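Data first, discussion second: the structure below is written as structure tokens.
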Amino acid sequence: MTGDNCMAIRPRLLFVCVENSNRSQMAEAFARLHGGDRVDAWSAGSRPSGVINPKAVASMRERGVDLLAAQRSKGLDDLPPVTWDWVVTMGCGDACPHLPARNRDDWALPDPKHMPPAEFNAVRDEIERRVRALLKTCGVEVK
């Protein structure tokens with residue numbers, strides 16, 4: 001069963017930021033962690049850096065998630081041609097082109113790239129909170 005804001009039995013969620021090296025990577029990982037095989041989670045960047053920030057890797061490792069094992073920095077052209085149930089931008093504004101989506105949200109989170117670890121982890125924790133809420137909106141049982 002899905003929520004009113006998600007049409008697919010297995011909701012398709014896309015998280016987009018500019019470099020696809022921090023915020024969107026963490027959001028994808030949390031969606032997979034908490035949604036398991038009940039969600040199809042992706043992330044991409046409008047101008048991908050091609051690498052996942054080592055700070056994001058270390059921060060997520062603290063939560064028991066290995067970003068490098070299952071994810072890579074990718075661009076919008078690397079995405080499957082689908083209509084997304086949700087496209088969530090992280091605050092990249094005009095840099096994000098139109099993507100077909102049933103629902104959209106902009107979380108407008110600060111880029112933690114140059115933040116010290118405690119502030120970086122605060123952004124990580126806020127991303128996790130928002131991902132869990134999004135999963136519930138989609139009717140996905142959260143682990």
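The values are calculated or read from the model by the stated rules, or taken from the named source; none is laboratory data. All of these numbers come straight from a predicted model, not from anything done at the bench. Heads up, the Cβs are rebuilt from the backbone with ideal geometry, glycines too, and the neighbour counts pull from every protein chain shown.
Summary of values
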quantity: Residues located in segment 89-133, provided they are touching a Leu at 6+ places or on another chain (Cβ under 7 Å), modelled with pLDDT of 95 or more and not β-branched (Val, Ile, Thr); calculated: Glu126
quantity: Condition check for Asn121: over 19 Å from Trp42 (Cα atoms), of a type in the set (S, T, N, Q) and surrounded by 14 or more Cβ atoms within 10 Å (Cβ to Cβ); calculated: yes
quantity: Wholly enclosed strands (runs of 3 or more DSSP E) of segment 17-132 bearing at least 1 residues more than 23 Å from Lys143 (Cα to Cα) and small (Gly, Ala, Ser); calculated: 40-45, 101-106
quantity: Residues of segment 4-36 satisfying the condition of being surrounded by fewer than 24 Cβ atoms within 10 Å (Cβ to Cβ), at pLDDT 95 or above and among the charged types (D, E, K, R); calculated: Arg12, Glu28, Arg32
quantity: Odd one out for Leu76 among (1) closer than 22 Å to Asp106 by Cβ; (2) modelled with pLDDT of 95 or more; (3) surrounded by fewer than 21 Cβ atoms within 10 Å (Cβ to Cβ); calculated: (2)
quantity: Residue within segment 15-23 that is of a type in the set (Val, Ile, Thr) and touching a Cys at 6+ places or on another chain (Cβ under 6 Å) present; calculated: yes
quantity: Qualifying residue in segment 62-73 (condition: within 16 Å of Asp105 (Cβ to Cβ) and in contact (Cβ under 8 Å) with a residue 60 or more places away in the chain); calculated: no
quantity: Test: Glu141 is surrounded by fewer than 21 Cβ atoms within 10 Å (Cβ to Cβ), assigned to a loop (DSSP other than H, G, I, E, B) and touching a residue at least 40 places away in the same chain (Cβ under 8 Å); calculated: yes
